[in-house]
Amino acid sequence: MFNKLNYFSVVLIVCFFSSPCVADNHKGGDFMGPTIDLGCVVSDINGSVKFYTEAIGFKVVGGFKVPGDFAENAGLTASKELDIKVLSLDGAEGEGVTKLKLMEVKGSGGKADQSYIDSTLGFSYITIFVKDTDKALARLKKAGVKPIAKGPVTLPNNLDPSLSLTIVRDPDGNFVELVGPKPKK
């Protein structure tokens, strides 16, 4: 019981300090902050962390494990432990920072159909806005990641033709969109 009590104390402290303070309520709105955290179950936590840090540019800002009994009681898993790594763009922390939570669950289900973004209902992709598409492309190339289709492609006139869209897939086939200035090269 002592170990569980210590664990839950640490979880509460981590949750409290990783979220905006309750006293700082989001300017009178219904939410504690203006951002969301996005969770993604992955087949290989180390491979996914490597992809999102080396190929995309995220930084690991934290991580924790959730024991199987807690996960089951919360309705997250059928008594399976979660191994979670928390990432953010440029390693940013604090209020107003969106976080990507990659989690590995041993023995998790199969992959969704990721042939196209409309192949499966639900959240299908993440969009990351980059300042320099050439730099993003160089980072992808160095990591051995190639854009899919004909990317980068210039956005149509009805959107913003000064920007381009590059789509890649993470190790589990999930779509990652990079939107930024048209490449100079």
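Coordinate-derived values only; no laboratory data. Since this is a predicted model, take the numbers as computed values, not measurements. Ideal geometry is used to build each Cβ from the backbone, glycine not excepted, and the neighbour counts take in all protein chains shown.
Structural remarks
- 19 Å Cα-Cα threshold exceeded, pairs from Lys131/Lys182; Lys59/Lys135; Lys101/Lys141: Lys101/Lys141
- Intensity falloff of region 42-185 expressed as log10 I(q)/I(0), Debye formula with alpha-carbon point scatterers, at q = 0.13, 0.18, 0.21 Å⁻¹: -0.65, -1.14, -1.39
- Where Rh is the Kirkwood radius over Cα pairs, Rg/Rh for region 125-181: 0.96
- Projecting label points 7 angstrom from Cα along Cα→Cβ for Leu121 and Lys182 puts them 4.0 nm apart.
- Extension gain, Glu93 back to Lys141 (0.36 nm per residue minus Cα-Cα distance, nm): 14.5 nm
- FRET efficiency, Glu81 to Asp30 (Cβ-Cβ, R0 30 Å, nearest 0.05): 0.40
- Nonlocal amide H pairs with Val61, under 5 Å, H built at 1.01 Å: Val86, Leu87, Ser88
- Calculated FRET value between Asn46 and Asn157, using beta carbons and R₀ = 45 Å, to 0.05: 0.60
- Cα gyration tensor shape for region 82-129, rounded if a/c is under 1.5, else prolate or oblate: oblate
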